[in-house]
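Following: one structure in C-alpha cells, then a few remarks.
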Amino acid sequence: MTVTDLNPNDTKTVGVAILGMGTVGTSVAQLLQENADEFAHRIGGPVEIKGIAVSDLSKTREGIDSNLLTDDARALCTRDDVDVVVEVIGGIDYPRELVLSALKAGKSVVTANKALVAAHADELAEAADEAGVDLYFEAAVAAAIPVVGMLRRSLAGDQIQRISGIVNGTTNFILDAMTSTGASYEDALAEATRLGYAEADPTADVEGHDAASKAAIMASLGFHSRVKFDDVHCEGITNITADDIAAASKAGYTIKLLAICERITDSEGKTAVSARVHPTLIPNSHPLSSVSESYNAIYVDAEAAGSLMFYGNGAGGAPTASAVLGDLVGAARNKVHGGLAPGENTYANYPVADFGEVPTRYHIDMTVNDRTGVLADLAARFSAHGISLRTVRQEEQERHENARLILVTHQAREADLQAIVDELSGLDDVREVNSVIRLDG
Ligand code: HSE
C-alpha cells in the first residue's frame, strides 16, 4: 500500500505538542489547524495538536482552543498522547532540558532553535539516536530556505567544498541601507529598528552571533564533522563605516556579513574545517552582492553539483513556520510509517582549523606620509611576510603631505596578514590604518 492509498482516518493520530506561542508558534498552530486535512494526506494519518506550552496562561490567543494551553512544558513534552514535540521557545538551557526529556521519552523533535542546535547538537543527536526518533531543525538556518535539507539530503552524495552565505537579515538590511543611501552605521541601524528588522537589543545580530550559530550548523552538516558555536570565528558589522562602504563601491565591491564554511588544508597538510563570520568585500559580479534588504542567500560549491545558490526570506513568523511544518510532516510520516530521517553524521571528524591557518585576502585602507620610498618600504614588508600584493591604489589627500593607500593582497594565511597589519600600525610613516576588511570571491 502506498501513502496515497491510505485513508488517513484509519491510522493512529499523530499527537503534536508545541512549546512556545510567539510569532512562530502561533503561525505553526494556525497553519496546522487550518490545513489539517492537507496534512493528514501528506502524512498518511491525522495529526492533532495535543497541547501548547506557554509562559502566560492569562493571555488571549485568537483561534487557539484555550483547553490546549498549559504552563507545564515539562509535563507536556513527555505526555503519552504526544508523538512529536515542536520547540519554538528560543534560548538555550530551558529548551535544551525540554528537548532532551522529549527525545528520551521517545518523542521526535522539531526545533527552530539555532542557538540550541549550534551549542548542543552532539548531545541532542545522541539522545535522538538512542531513542530511535527524529531530530529536525530546518528552521534553524535561514527559515524556509532549504539549507539543512539540502546539506543533509540533496547533497548527501556530493563533496561540499565551501558554503558562503548571507544568513542574517538584520545586518544585510543595515549594510544594504548604508550602500544604497551612504548612511552611517548608526543611522542605518536606527532605520532597521524603526522598521522592525532589528530587535530592541540588536547585539546577537550586529555582533554576528546569530550568523555564527548558523555557520556552526552548516559546517557540521556540510563537512560531517562537529563544529560548535564556540568554534566559529565571529566579527560583526559595528565597525563598518560609510567610508568603508564608499571605498568598496569605488573599487567595484559590496560589503556583506558572510558566514563562510570551508574545508582547508593547514600548513601541516592536514584537512580541517573553518567556520567564520565577518564583514567581507565581494565583487559586484558575485551573485551574493546583489542580495538586498533583509534577504538571505546561501552559495554552495560542491564537487559534482558545481555552484548552487539558495535565496529568500531568512526570518519571520510565516517563513519559519513553513520550515517547521515541513519538518513536522517528515517526523509525523516516520511516526506513521516507520523509519527515520537522515540524522547527523560526523564520521569525517575533521578538526576545526586554527583561525590563523585560514587562507584569506585583505583589503587594507591606510593613510601614509606621502614621501619618497614609503611605498617601496611597505611593499618590502609585505614581501618579508610572504604576502603578495594584488593591487595598490593611491589617492591624494587634502593635506598634501598625506596619501591614502588602498592595498589588496593575494591569498595568504590569516596569521601572516594579521602580523603585517600589526606591523603597519606601528610604523612612523603609516599615520593611520583606516580599515582592514577581508575579501572573498
Ligand atoms: N535575527 C535574524 C535575522 C533572524 O536578522 O536574520 C533569526 O535568526
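Were the residues from residue 65 through residue 186 laid out at 0.36 nm apart, the gain over their Cα-Cα distance would be 39.2 nm. Excluding residue 39 itself, what net charge comes from residues whose Cβ is under 12 Å from its Cβ, given Lys and Arg +1 and Asp and Glu -1? Neighbour charge sum, excluding residue 39 itself: -2.
Per residue, the Cα convex hull of the chain amounts to 149 Å³. Using the Cβ-Cβ distance between residue 130 and residue 267 with R0 set to 41 Å, the FRET efficiency works out to roughly 0.55. When both bridge partners sit in the chain, DSSP labels roughly 70% of those beta bridges antiparallel. Going by neighbour counts of Cβ atoms within 10 Å, the residues 440, 56 line up, fewest first, as 56, 440. Once the chain from residue 395 to residue 285 is taken as fully extended at 0.36 nm per residue, the excess over their C-alpha distance is 37.2 nm. A cut-off under 14 angstrom between Cβ atoms defines the neighbours of residue 434, and their net charge, with Lys, Arg +1 and Asp, Glu -1, is -1. Here each label is just a point 7 Å from Cα along the line to Cβ, and for residue 384 and residue 37 those points are 7.9 nm apart. Here is the P(r) of the range 194-263: all C-alpha pair distances, binned every 5 Å from 0, give 3, 16, 19, 17, 18, 15, 9, 3, 0 in whole percents. For the chain, the number of Lys pairs with C-alpha atoms closer than 27 Å, counting only pairs eight or more positions apart or on separate chains, is 26. Once the range 306-439 is represented by equal point scatterers at the alpha-carbon sites, with solvent omitted, what log10 I(q)/I(0) does the Debye formula produce at q = 0.16, 0.19 Å⁻¹? Results for the range 306-439 at q = 0.16, 0.19 Å⁻¹ read -0.87, -1.07. Counted by Cβ distance under 14 Å from residue 425, the other residues give a net charge of -4, where Lys and Arg count +1 and Asp and Glu count -1. For the range 385-441, a Kirkwood radius taken over Cα pairs fed into Stokes-Einstein (10 °C, viscosity 1.306 mPa s) yields D = 126 µm²/s. Inter-label distance, residue 304 to residue 402: 5.7 nm, where each label sits 7 Å from its Cα along the C-beta direction.
Just so you know, all these numbers are worked out from the coordinates, no wet-lab data involved. Treat the numbers as computed from the prediction; the structure is a model and nothing was measured. Virtual Cβ from ideal backbone geometry, glycine too; neighbours counted across all protein chains shown.
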